[in-house]
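Undergrad: Quick one: the structure is below, and I'll ask about it shortly.
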Amino acid sequence: MIFSLLASEGSWADKLIYLALFLIVIVVSLSFHEWAHAHAAHCMGDDTALNMGRMTLNPLAHLHPLGFISMLIIGFGWAKPVPVNPRNYRNYKWGEFRVSFAGIFTNLIIAIVSSFIYVGLWYYELRSGRTLPDNLFTLLYLFGIVNCSLAVFNFIPIYPLDGYHIFELVFGKLIGYKAVFWIRTHGNYIFYGFMALSIVLSNVLGVSPAGFVADWIYDKILQAFVLLFSLIP
């Protein structure tokens, strides 16, 4: 992402402003994602994250250096996993699902809200004849696309991503204990291999499957709100 930004046309001032807005969006979005995990665990009876100071929106408690760099390079990344103890959940299966899906759900909500405001302000410009700051639209766009990217990325069923925990809940018995144990044991190697492949595809070949899906979701959200606002007399 950052390489394409640097290679793009435009003044360095515009590029620096865009980068600053992108960094703000990453920090805020990742913080909300991890806070959502901690809050969901708390609601299900586990205060491990709360006691370790992770049920907070303070980005310093959540940012993962490698995940943050990945977000800059390829447009999606991760934060430090929130520590939880599933044995404390009042209902194990529901707790696992709710905690795992909480971050993804929160990112989708942020994407939807920011898209709603984006389209609403766009229609306000059209109907009032007034011009709003371009950076405001850029910020709202980044909140939308980055949070769609985070939701898609975290839904990938690769351990230790949220999507894997959901996958294990649904298909764990089908694939068997040995397969689950092997995936958990070797998950980090698979994950970093996937990240390396994603970097190559994104920056060398210009192909990003996860980015394509995120763009598609964001485009559909925008289309839905454009249709909604077009119905307003």
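Undergrad: Look at the stretch 83-117 and say how many of its residues are open to solvent by 20 Å² or more (accessible area, probe 1.4 Å), under 21 Å from the mean Cα position of the chain (by Cα) and of a type in the set (A, V, I, L, M, F, W, C).
TA: Result for the stretch 83-117: 11.
Undergrad: Let me ask something additional. When you go through (1) outside any helix (DSSP H, G or I); (2) among the small types (Gly, Ala, Ser); (3) at pLDDT 95 or above; (4) surrounded by 15 or more Cβ atoms within 10 Å (Cβ to Cβ) one by one for Ala38, which number turns out not to apply?
TA: Answer for Ala38: the failing condition is (1).
Undergrad: Select, from Leu19, Leu63, the only residue that is under 20 Å from the mean Cα position of the chain (by Cα) and closer than 17 Å to Asn154 by Cβ.
TA: The conditions single out Leu63.
Undergrad: Do we find a residue being in contact with a Lys or Arg (Cβ under 9 Å, 6 or more places away or on another chain) and free of Cβ contacts under 8 Å to residues at least 60 places away in the same chain anywhere in the stretch 142-160?
TA: Looking through the stretch 142-160, at least one residue is in contact with a Lys or Arg (Cβ under 9 Å, 6 or more places away or on another chain) and free of Cβ contacts under 8 Å to residues at least 60 places away in the same chain.
Undergrad: Check Met71, Met44 and return the single one that is at pLDDT 95 or above and touching a Phe, Trp or Tyr at 6+ places or on another chain (Cβ under 9 Å).
TA: Among Met71, Met44, only Met44 is at pLDDT 95 or above and touching a Phe, Trp or Tyr at 6+ places or on another chain (Cβ under 9 Å).
Undergrad: Among the numbered criteria (1) over 24 Å from Tyr123 (Cβ atoms); (2) in contact with a helix residue (DSSP H, G or I) (Cβ under 7 Å, 6 or more places away or on another chain); (3) not basic (Lys, Arg), which one does Leu201 miss?
TA: Unmet condition: (2).
Undergrad: Test Met52 against the criterion of being of a type in the set (A, V, I, L, M, F, W, C), at pLDDT 90 or above, more than 29 Å from Gly193 (Cβ to Cβ) and surrounded by 16 or more Cβ atoms within 10 Å (Cβ to Cβ), and give yes or no.
TA: no
Undergrad: If you don't mind, another one. Return only the number of the condition from (1) open to solvent by less than 30 Å² (accessible area, probe 1.4 Å); (2) under 15 Å from the mean Cα position of the chain (by Cα); (3) not aromatic (Phe, Trp, Tyr) that Gly120 does not satisfy.
TA: Looking at each condition in turn, Gly120 falls short on (2).
Undergrad: Moving on to the next point. Assuming Thr131 fulfils every condition listed in (1) open to solvent by 40 Å² or more (accessible area, probe 1.4 Å); (2) assigned to a helix (DSSP H, G or I) apart from one, which condition is it?
TA: Of the numbered conditions (1) open to solvent by 40 Å² or more (accessible area, probe 1.4 Å); (2) assigned to a helix (DSSP H, G or I), the odd one out for Thr131 is (2).
Condition check ((1) out of contact with any Ser or Thr (no Cβ under 8 Å at 6 or more places or on another chain); (2) of a type outside the set (A, V, I, L, M, F, W, C); (3) open to solvent by 70 Å² or more (accessible area, probe 1.4 Å)) across all residues:
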{"site": "Tyr164", "(1), (2), (3)": "yes, yes, no"}
{"site": "Glu168", "(1), (2), (3)": "yes, yes, no"}
{"site": "Ile175", "(1), (2), (3)": "yes, no, no"}
{"site": "Lys178", "(1), (2), (3)": "yes, yes, yes"}
{"site": "Trp182", "(1), (2), (3)": "yes, no, yes"}
{"site": "Ser198", "(1), (2), (3)": "no, yes, no"}
{"site": "Leu201", "(1), (2), (3)": "no, no, no"}
{"site": "Gly206", "(1), (2), (3)": "yes, yes, no"}
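The values are calculated or read from the model by the stated rules, or taken from the named source; none is laboratory data. Being a predicted model, the structure only gives us computed values, none of them experimental. As a convention, Cβ positions derive from the backbone with ideal geometry for all residues, glycine included, and neighbour counts pool all protein chains shown. What goes into the accessible areas is simple: the full protein's heavy atoms, side chains included, and nothing from ligands, DNA or RNA. Shrake-Rupley method; radii C 1.70, N 1.55, O 1.52, S 1.80 Å.
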